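The values are calculated or read from the model by the stated rules, or taken from the named source; none is laboratory data. The structure presented is a predicted model; accordingly, all values stated were derived computationally and were not measured. Positions of Cβ are backbone-derived with ideal geometry, glycine not excepted, and every protein chain shown enters the neighbour counts.
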Amino acid sequence: MIYLKLPPVALSIYRNRKQLYFLIVIISLVSAAIFIVSVLTRYVSEVELRAWKKPLNNFSIVRPTVNVIDNYSKRELRQNNQIQSIISFKDAIVSVPGILNYEYRPIFALGKEDIEKFMKYNNLCLMEGHLPKKDTREIILSSDIIRIKKLQINDYIGNAIDKNEFLWGRFKVTGIIAGNLSLGIASLDYFKRKTGSKTSLILFTKNDIKMMNRSILRSNFPGLDFQTARTLIENYTKKNKNLIKLIWIITGILTISLTLIVGLYLSLYLQNRLKEYALFYSNGVSRSRIIIYVIKEMLLVTIVSFLSGLLLSVLFILFLKYIVFKNIIFMAKISLDELLLNMPIFIAIIFVIIYISIRNINNNRMDKLIMGV
């Protein structure tokens, strides 16, 4: 007796590719939609993170919640052996072109004697121009801000000349900063004269910034608000928890819808191929082997579909970045969060494949086909 062997899974998929096109396309499009919706929604919500996360990885900030930082708190902070240096500052924000027109970067107003210290601790250098002079409306900006806003040295910036600008007043650009941070630096004395004497503090660590932050938070400083990379992320999570829920709800709806579609289509697909499976069954291939074979086949189709969806979403984001939004800041990219969002659909489809395969490929059906009933 001659026993038939099941063909390689890839060959079976190739032979039945016309029947599988719909399944591949629908899974690819839905997974791509989840990737893209999640990436764009998360990107829009992370304006504050993009402005402050990198700076707060280098230093922490202390702000007074009432009036000014009292002398006792200043003395306690200076005595903290984890703190390398303390710099007084005031801050503002400058707009940068973004997809929803509210992207911004921080401006730090510093004392003349603190500007070089601030730049040294943050590995920044002046690549062109000169530093802001004391009590003047001069400002220096990082090269990315200069480039994206199409500015040059001696240009003016501020809402006194552009009503859509976030930065108050009218400042003269006198220098360009090179480095890993996106920010601006201005004169603290000028800010005090225009906006009052209330200042905050920048804390630079001697060793590890996380150790410094923990040592500060263990102390009791009433009337002070500490801003660190950790508190920034915590505040972001609190503000956007409803948005995160909405993304998961949308994912849940798409998961249920796609699972039903895949289940119905897979049932029809297996029914059309049941005669083929019955032929293998009649030639000695066990039902369990056929089921495992079908599961492998559909699992490979699902993986290819998800990878196609991932590729589509990457290409779409690159299209947005280099074609649609080429003249503005657009740094969206697919992260682990988007991969995790697609996991429920992937797992649900696997369960459906297993269930439908076991349900449709049974001995009674194949026996009837063999006997011609």
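Picking from 117, 133, which residue would you name as being closer than 23 Å to residue 151 by Cβ and basic (Lys, Arg)?
Only one candidate qualifies: 133.
Which pairs have Cβ atoms under 8 Å, sit 6 or more apart or on different chains, and link a residue in segment 140-160 that is over 17 Å from residue 191 (Cβ atoms) to one that is surrounded by 15 or more Cβ atoms within 10 Å (Cβ to Cβ) and among the polar types (S, T, N, Q)?
Every condition considered, the pairs that remain are 142/182; 144/182; 145/182; 153/174; 154/174.
List, please: which pairs have Cβ atoms under 6 Å, are six or more places apart or on different chains, and start with a residue in segment 330-356 that is without any contact (Cβ under 8 Å) to a residue 60 or more places away in the chain and not assigned by TED's automatic domain parsing to the domain that holds residue 296 and end with one that is assigned to a helix (DSSP H, G or I) and among the hydroxyl-bearing types (Ser, Thr, Tyr)?
Within 6 Å, no pair qualifies.
Return the total of residues in segment 269-292 being over 17 Å from residue 351 (Cα atoms), without any contact (Cβ under 8 Å) to a residue 60 or more places away in the chain and either of a type in the set (Phe, Trp, Tyr) or part of a helix (DSSP H, G or I) (or both).
1
Can you tell me which residue in segment 193-217 is farthest from residue 64 (Cα to Cα), limited to those that are part of a helix (DSSP H, G or I) and polar (S, T, N, Q)?
So in segment 193-217, the residues part of a helix (DSSP H, G or I) come out as 193-195, 209-217.
Narrowing further to those that are polar (S, T, N, Q): 195, 213, 215.
Values: 195: 15, 213: 17, 215: 19 Å.
Within segment 193-217, the match that is farthest from residue 64 (Cα to Cα) is 215.
Tell me which residues, restricted to segment 196-220, are under 17 Å from residue 74 (Cα atoms) and either exposed (fewer than 13 other Cβ atoms within 10 Å of the Cβ) or outside the structural domain of residue 107 (by TED's automatic domain parsing) (or both).
Within segment 196-220, 197, 218, 219, 220 qualify.
If you take the residues of segment 54-77 that are in a helix (DSSP H, G or I) and within 17 Å of residue 118 (Cα to Cα), which of them is nearest to the chain's Cα centre (by Cα)?
Within segment 54-77, the subset in a helix (DSSP H, G or I) is 54-58, 71-77.
Retained after the next criterion (residues that are within 17 Å of residue 118 (Cα to Cα)): 54-58.
Values: 54: 14, 55: 18, 56: 18, 57: 17, 58: 20 Å.
Taking the candidates together, the pick is 54.
The conditions are (1) buried (at least 17 other Cβ atoms within 10 Å of the Cβ); (2) more than 24 Å from residue 357 (Cα to Cα), and residue 255 fails exactly one of them. Which is it?
Condition (2) is where residue 255 drops out.
Residue-by-condition table, conditions (1) touching a Cys at 6+ places or on another chain (Cβ under 7 Å); (2) among the hydroxyl-bearing types (Ser, Thr, Tyr); (3) in contact (Cβ under 8 Å) with a residue 12 or more places away in the chain:
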{"site": "168", "(1), (2), (3)": "no, no, yes"}
{"site": "175", "(1), (2), (3)": "no, no, yes"}
{"site": "199", "(1), (2), (3)": "no, yes, yes"}
{"site": "224", "(1), (2), (3)": "no, no, yes"}
{"site": "234", "(1), (2), (3)": "no, no, no"}
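Quick check, is residue 243 within 30 Å of residue 45 (Cα to Cα), in contact with a helix residue (DSSP H, G or I) (Cβ under 7 Å, 6 or more places away or on another chain) and not in a loop (DSSP other than H, G, I, E, B)?
It is true that residue 243 is within 30 Å of residue 45 (Cα to Cα), in contact with a helix residue (DSSP H, G or I) (Cβ under 7 Å, 6 or more places away or on another chain) and not in a loop (DSSP other than H, G, I, E, B).
Look at residue 311 and say whether it is modelled with pLDDT under 85, of a type outside the set (Phe, Trp, Tyr) and in a helix (DSSP H, G or I).
Answer is no for this residue.
Considering only segment 136-195, how many residues are of a type in the set (S, T, N, Q), in contact with an Asp or Glu (Cβ under 8 Å, 6 or more places away or on another chain) and crowded, with 19+ Cβ neighbours inside 10 Å?
Adding up the residues that qualify gives 3.
Six or more apart or on different chains, Cβ atoms under 7 Å: show the pairs whose first residue is in segment 305-325 and assigned by TED's automatic domain parsing to the domain that holds residue 28 and whose second is small (Gly, Ala, Ser) and not in a helix (DSSP H, G or I).
Partner pairs satisfying both residue conditions: 317/332.
For segment 20-35, indicate whether the set of residues that are surrounded by 14 or more Cβ atoms within 10 Å (Cβ to Cβ), more than 32 Å from the chain's Cα centre (by Cα) and touching a residue at least 40 places away in the same chain (Cβ under 8 Å) is non-empty.
Going through segment 20-35, the residues surrounded by 14 or more Cβ atoms within 10 Å (Cβ to Cβ) turn out to be 20, 23-24, 26-35.
Checking the rest, the ones that are also more than 32 Å from the chain's Cα centre (by Cα) come to 20.
Still in the list and also touching a residue at least 40 places away in the same chain (Cβ under 8 Å): 20.
Yes - at least one qualifying residue is present in segment 20-35.
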